[in-house]
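One structure below.
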Amino acid sequence: MSETTYQTLLLEIGKGNKKSFEIFYISISGRLFGFILRYVGSSVKAEEVFQDVMFRIWVKAPLFDPEKGKAITWIFRLAGNVAKNWLDSQKLAKNSEIPVDVGTSSEIFEKREAELELRNLNDGVISEKLERCLSMLPEDQRMSLLLRHVEGLSIEEISEILECPEGTVKSRIFNGLKKLRLEVESRKQNENSAGM
């Protein structure tokens, strides 16, 4: 769907148009749910966050101003903020970091597989193994990588969504990819050690 269509739908939703919200929901739900799922790491959690995001879009659509930015930027900024706030509230509730499932040694990959996984990230395809590695990254790097390499947004759009300078976005992506490569290599070494 085009930026112009998202913009028109958001403006109509802001006026309370339920049919526009239905069209919007159908057109963005897969993409937005996928982004949230990769960000929070669990389908149960993602469903809860996704419903909250869609509710907030319905409520906050009157605040959308096309003069201040693109519709897709507004949508992903809202989704990213809700997901981040949800994760923060879960951390506070547990008074510790969210445990991360790093998988078993049988799920850790070989070097060629690791390289393929990294290439797949650039193609917008994320496997379960790569999602585990992504979950190990700091939130700001994970979100920057997902928005750039999975959602295909520009550095400028990501900068607007995350409300930080473009240079910061580029650094987060660079450092995130570097850490991701190290995590992939570490998993490979762990598998090789376990196999001996």
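Values in this text are rule-based calculations from the coordinates and carry no lab data. The structure presented is a predicted model; accordingly, all values stated were derived computationally and were not measured. Glycine gets a Cβ as well: all are built from the backbone with ideal geometry, and neighbour counts include every protein chain shown.
General observations
- In this label model, residue 25 and residue 171 are separated by 4.2 nm, measuring between points 7 Å along each Cα→Cβ vector.
- Measuring between alpha carbons in the structure, the pairs from 84/170; 45/91; 45/68; 60/179; 15/68 lying more than 25 angstrom apart are 45/68; 60/179.
- 13 Å beta-carbon shell around residue 69, net charge (K/R +1, D/E -1): -4
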